[in-house]
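Below is one structure, written out as structure tokens; the observations come after it.
The values are calculated or read from the model by the stated rules, or taken from the named source; none is laboratory data. Keep in mind it's a predicted model, so treat the numbers as computed, not measured. FYI the Cβ positions are ideal-geometry reconstructions off the backbone, even for glycines, and counts take in every protein chain you see.
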Amino acid sequence: MAIQCGTPTGKVTVTTPGTPVRVTAANANPVVHAACHGIMFQTLPTNTGKIYIGRANMNKAAYTGLFAMLVAPSASQLPNFSAAITQAPNALGVEEFYIDADNAGEGVIVTILVL
């Protein structure tokens, strides 16, 4: 899956809770640097537990290495988290973001912005 400007990178789910999943895991080469200006994570409407966004070394139980924790969605809200570096376009690396979840099969939809 090639990452394209301003389009969703797609759905990312966690198979084994407690094992962070690289956001670019579905890419042909998930470790290749994929520069972006901004990134948004939105919970899947079917999630029933929390989603954790962080680095590869995140520990959701200790709340270390986390950027955000998204609660389960409700009938009127799909929680989301966004990150951007406005002073340096395309300074974020998509491949550096990971997710974890309370429940197997739950996850996020990821969208990136490339300038």
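Brief remarks follow.
- When 9, 16 are screened for being assigned to a loop (DSSP other than H, G, I, E, B), under 23 Å from residue 104 (Cα atoms) and of a type outside the set (Gly, Ala, Ser), only 16 passes.
- Among the residues making up region 1-19, those that are at pLDDT below 85 and more than 15 Å from the chain's Cα centre (by Cα) are 1, 2, 4, 5, 6.
- If you go through region 23-43 and keep only what is within 13 Å of the chain's Cα centre (by Cα) and free of Cβ contacts under 8 Å to residues at least 40 places away in the same chain, you end up with 25, 26.
- Those strands (runs of 3 or more DSSP E) of region 68-115 in which 3 or more residues are more than 17 Å from residue 58 (Cα to Cα) and either at pLDDT below 95 or in contact with a Ser or Thr (Cβ under 9 Å, 6 or more places away or on another chain) (or both) occupy 80-84, 107-113.
- Hits in region 62-82 (condition: in contact with a Gly (Cβ under 7 Å, 6 or more places away or on another chain) and of a type in the set (A, V, I, L, M)): 66, 72
- Residues of region 73-115 that turn out to be more than 16 Å from the chain's Cα centre (by Cα) and closer than 17 Å to residue 31 by Cα, as a count: 2
- If you go through region 20-56 and keep only what is modelled with pLDDT under 95 and among the hydroxyl-bearing types (Ser, Thr, Tyr), you end up with just 24.
- Check on residue 62, of a type in the set (A, V, I, L, M), outside any strand (DSSP E or B) and surrounded by fewer than 17 Cβ atoms within 10 Å (Cβ to Cβ): yes
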